[in-house]
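The values are calculated or read from the model by the stated rules, or taken from the named source; none is laboratory data. If you're wondering where the values come from, they're calculated on a predicted model, not measured in any experiment. With ideal geometry, Cβ positions are generated from the backbone for all residues, glycine too; neighbour counts draw on all protein chains shown.
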Number of protein chains: 2
Amino acid sequence: MASHESGNGDDRRPLRVGISGLGTVGAALIRILTEDGEAIARKLGRRVVVTAVSARSRSRDRGVDISGFTWFDDPVALAKSEDIDLYVELIGGEDGPALASVTAALERGTSVVTANKALLARHGTALAGLAEKCHVQLGFEAAVAGGIPVIKTLREGLGSAAITRVYGIMNGTCNYILTRMGNEGIGFEECLRDAQDLGYAESDPTFDIEGFDTAHKLAILASLCFETEIAADQVMVEGISRITQADIKVAADLGYKIKLLGMARKVEDGIEQRVHPTLVRKSSAIAGVDGVLNAVALETNHVQELLLAGPGAGGEATAASVLSDILDFARGGHVPPLGVPVAELDPCQRAPMRIHEGGYYIRLNAKDVPGALAAIATRMGEGNISLESVIQRPDLRASEPGVPEENSRTVVLITHETLESAVRDALERIARDGFIVGQPQLIRIEEF
Amino acid sequence: MASHESGNGDDRRPLRVGISGLGTVGAALIRILTEDGEAIARKLGRRVVVTAVSARSRSRDRGVDISGFTWFDDPVALAKSEDIDLYVELIGGEDGPALASVTAALERGTSVVTANKALLARHGTALAGLAEKCHVQLGFEAAVAGGIPVIKTLREGLGSAAITRVYGIMNGTCNYILTRMGNEGIGFEECLRDAQDLGYAESDPTFDIEGFDTAHKLAILASLCFETEIAADQVMVEGISRITQADIKVAADLGYKIKLLGMARKVEDGIEQRVHPTLVRKSSAIAGVDGVLNAVALETNHVQELLLAGPGAGGEATAASVLSDILDFARGGHVPPLGVPVAELDPCQRAPMRIHEGGYYIRLNAKDVPGALAAIATRMGEGNISLESVIQRPDLRASEPGVPEENSRTVVLITHETLESAVRDALERIARDGFIVGQPQLIRIEEF
């Protein structure tokens, strides 16, 4: 039941915020709330003040003074405190104290703002349902594409427009690596090391570079786009660690860039959610989103395409999104966390990936023997796969570990639109023929 | 005084909408409200129904059935009707029935949604103040950049981030013309005729091509960005009708596109608002926004730059934005129309344009006599204007009416960053020297 009573009590008294997790985002949030306190009060007609905090270490220097706030060792105790009007969860992690404290806050009747995409991806539907049951708000603008207000746009900005497809660049680490590989001709490993040195990538980068972070964000967006339950385990995920300079270079010669995209769309038999490296035309808007920037494109029936681009991470940008949720709560707006009431969500029916239609980039290491190319081409023809380009050049070496370069040559095939299952079948036959070494590289092409 | 009571009565009963003006947008809105009625009810928990309409002609075929709605000959009477909960003004025009009916609705205590940028540009501050005084809402998402939710983003999506600069492509007609001139090498007049044939431009295109439409939208954005009163009469405006193929071609050769931009920023001595053709680097995101698309970029202290791109016009896209305002009202959110209460707005102090700093593109018709180029270069040097490029090529003809081609040659100068006043002074001296014919073309360069 929607109520037009705001859940935050007297709207003149300061709004008391409790924050768990004082990393980069938490510290930036405290700084912004202090520095912009007057401006916020002018906008809202009331003040927003941090009253309590919790973190792993009380003494760590974060560049902000937390001595004036009530300290809690236990985030759950903070979440249950009667002295806060709003609980901000910036701990991270899909379970543990993040889940426990958010649940405790909602059950107590305290609204929650979180930047935790892993938590949302795993428990988002249940938490949204709990928030509705307890008549409180659950904001998570900062969980997807950091500083870009894409959640608000999906929940409130599009009228009744039905989303037909959502896609985007949602991981700054991957986009930084691919951008540098493209601009400077250097390899994946070197770019990754630089990203780690610059703080753009974790010391264990698996979560980012293998696409799981993008998958979490995509699953949240797909729920808002298609009015389905969040289903992160149904996202087909491929990362960027197998992308080589040869791929980047051939793609560039053909007028493409390689981007790690998350894409979801509603098809006849369900929701297709996928994350993988993608060839996009250089002239497309999404191809222009470089470096650590993020972008989300929404295709709707009423407004065609809307593209939102901006910073996807960073303490200040993420804190600004957390704050926009805080201000929305302070104003007393009422939107269900997932756009429609949880009871109205459909289950997320997974559409099988093998029926995806589109063009494909295929890089093979063909054995340097007579008839190899002919055999490959024959198999593609048998699969009714029509080829747009075939490229075999001496300067294209696979540079993949384990490939005996002297006995193979790199062949790149670009197909016209075809079924993924047909491509996979043809590649299996080609492998059985014995004319190729190593794993073929298969990258999907998308036309935007 | 902000109130958390929604102004729309019982929140279960259908929301009754009255619409004045049944052109493309009005007809699209009626169609969407009919077709998406169920989806809207599921989102909101209540229905949104059109109950009354007003337009110039009752009988005109609009592709939608209006026989079930109460008809009003007079939009003011509709606006004052007790049988509507929300008044939607789609009449257009800065005064007349649009102003009269919006004022009547607000005074009666009925919230208003409008797509009328001219009305807002001229009377926006007063109308926002009236809405606040009468404790009702005034929504105008559709008034700027059609289907792009930039008003919502500015009012609600950025936390407390302070905007440092806003710029964008806000007129699809101009962007269509400039895009075609660039892609196809055809002249301004021919592109304009095609735009008129396609319905992208009015039969009298002055308002669009001379930049006034962009100026209206910019003035509205600037108010929301800088918390100042709307001051459309303080926008410096130049249109695109003097842009020639020579300009487009030289710009392209130098790595630039020409776009009609609206730009506003806060500088030391006030707010600078300007609309003019601008050279932007081809590699910039804004340069990639082609055809009838619009885009708005927001530079803030917290999230660096945010770019929103999408359809700027069209019945469906604009109606979708009108509808998002309607749904916001139905949900009972409370945000002051201009982001902060009108009482908190500063007057808009105009920053003089002559102090603008940046690079300049200057195209001159130099007389074909010895010493002309030397004299021009000398005058630029005397003005301490440093030149990045000087281009004089036989294939560059000014193609401006009235210029005797056989006696002049086109010279293009690209300056480094300099003061506009210095450039204008130098050009005056050059004109007095008598070495040029016709008016120099001066286009500002912006680096994004």
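State all residues of the stretch A:343-386 that are among the polar types (S, T, N, Q) and under 23 Å from the mean Cα position of the chain (by Cα); if no residue qualifies, say none.
So the first thing to find is which residues in the stretch A:343-386 are among the polar types (S, T, N, Q), and the list is A:349, A:365, A:378, A:384, A:386.
Scanning the stretch A:343-386 gives a single hit, A:GLN349.
With respect to the numbered conditions (1) within 14 Å of chain A (Cβ to nearest Cβ); (2) among the hydroxyl-bearing types (Ser, Thr, Tyr); (3) part of a helix (DSSP H, G or I), which one is the sole condition not fulfilled by B:SER101?
(1)
Against the definition (within 14 Å of chain B (Cβ to nearest Cβ) and over 25 Å from A:VAL50 (Cα atoms)), how does A:ASP368 come out, yes or no?
No; evaluated as a whole, the condition is false for this residue.
Could you tell me whether the stretch A:170-185 includes any residue that is under 18 Å from A:LEU119 (Cβ atoms) and in contact with a Lys or Arg (Cβ under 7 Å, 6 or more places away or on another chain)?
Yes.
Any chance the stretch B:239-255 includes a residue that's touching a helix residue (DSSP H, G or I) at 6+ places or on another chain (Cβ under 7 Å), within 14 Å of chain A (Cβ to nearest Cβ) and modelled with pLDDT of 95 or more?
no
Identify the single condition in (1) of a type in the set (Gly, Ala, Ser); (2) farther than 26 Å from B:ALA131 by Cβ; (3) modelled with pLDDT under 95 that B:ALA343 does not satisfy, given that it satisfies every other one.
Checking B:ALA343 against (1) of a type in the set (Gly, Ala, Ser); (2) farther than 26 Å from B:ALA131 by Cβ; (3) modelled with pLDDT under 95, the one that fails is (2).
Kindly provide the set of residues from the stretch B:336-358 that are more than 11 Å from chain A (Cβ to nearest Cβ), surrounded by fewer than 21 Cβ atoms within 10 Å (Cβ to Cβ) and small (Gly, Ala, Ser), ordered by number.
Answer for the stretch B:336-358, where residues must be more than 11 Å from chain A (Cβ to nearest Cβ), surrounded by fewer than 21 Cβ atoms within 10 Å (Cβ to Cβ) and small (Gly, Ala, Ser): just B:GLY358.
Just to be sure I understand the filter: pairs with C-beta atoms under 6 Å, separated by 6 or more residues or on different chains, first member in the stretch B:124-139 and polar (S, T, N, Q), second member in a loop (DSSP other than H, G, I, E, B). Which pairs pass?
Matching pairs, first to second residue: B:THR125/B:GLU229; B:THR125/B:ILE230.
So A:GLU38 passes all but one of these: (1) more than 9 Å from chain B (Cβ to nearest Cβ); (2) farther than 25 Å from A:LEU106 by Cα; (3) touching a residue at least 12 places away in the same chain (Cβ under 8 Å); (4) among the charged types (D, E, K, R). Which condition number does it fail?
Result: A:GLU38 fails condition (3) only.
Would you mind stating whether A:VAL322 is within 18 Å of A:ILE220 (Cβ to Cβ), β-branched (Val, Ile, Thr) and in the same structural domain as A:LEU44 (by TED's automatic domain parsing)?
Yes.
Could you go through the stretch A:315-335 and let me know if any residue there is at pLDDT below 95, within 14 Å of chain B (Cβ to nearest Cβ), over 28 Å from A:HIS123 (Cβ atoms) and surrounded by fewer than 22 Cβ atoms within 10 Å (Cβ to Cβ).
no
Among (1) of a type in the set (A, V, I, L, M, F, W, C); (2) over 18 Å from B:MET170 (Cα atoms); (3) assigned to a strand (DSSP E or B), which single condition is B:ILE258 missing?
With (1) of a type in the set (A, V, I, L, M, F, W, C); (2) over 18 Å from B:MET170 (Cα atoms); (3) assigned to a strand (DSSP E or B) applied to B:ILE258, the lone miss is (2).
Given the structure, is A:LEU307 facing another protein chain (nearest Cβ under 8 Å) and assigned to a strand (DSSP E or B)? Full working, then the answer.
Working: facing another protein chain (nearest Cβ under 8 Å): yes; assigned to a strand (DSSP E or B): yes.
In short, yes.
Here is a list: A:LEU279, A:LEU298. Which entry is more than 13 Å from every other protein chain (Cβ to nearest Cβ), buried (at least 24 other Cβ atoms within 10 Å of the Cβ) and under 25 Å from B:VAL289 (Cα atoms)?
Exactly one residue qualifies, and that residue is A:LEU279.
Which residue, of A:SER59, A:SER101, A:SER67, is among the small types (Gly, Ala, Ser) and touching a residue at least 12 places away in the same chain (Cβ under 8 Å)?
On inspection, the qualifying residue turns out to be A:SER101.
Could you tell me which of the residues A:VAL64, A:VAL76 is surrounded by fewer than 22 Cβ atoms within 10 Å (Cβ to Cβ), among the hydrophobic types (A, V, I, L, M, F, W, C), more than 14 Å from chain B (Cβ to nearest Cβ) and assigned to a loop (DSSP other than H, G, I, E, B)? Before the answer, list the steps.
On the way: A:VAL76 fails: assigned to a loop (DSSP other than H, G, I, E, B).
Checking each option against the conditions leaves just A:VAL64.
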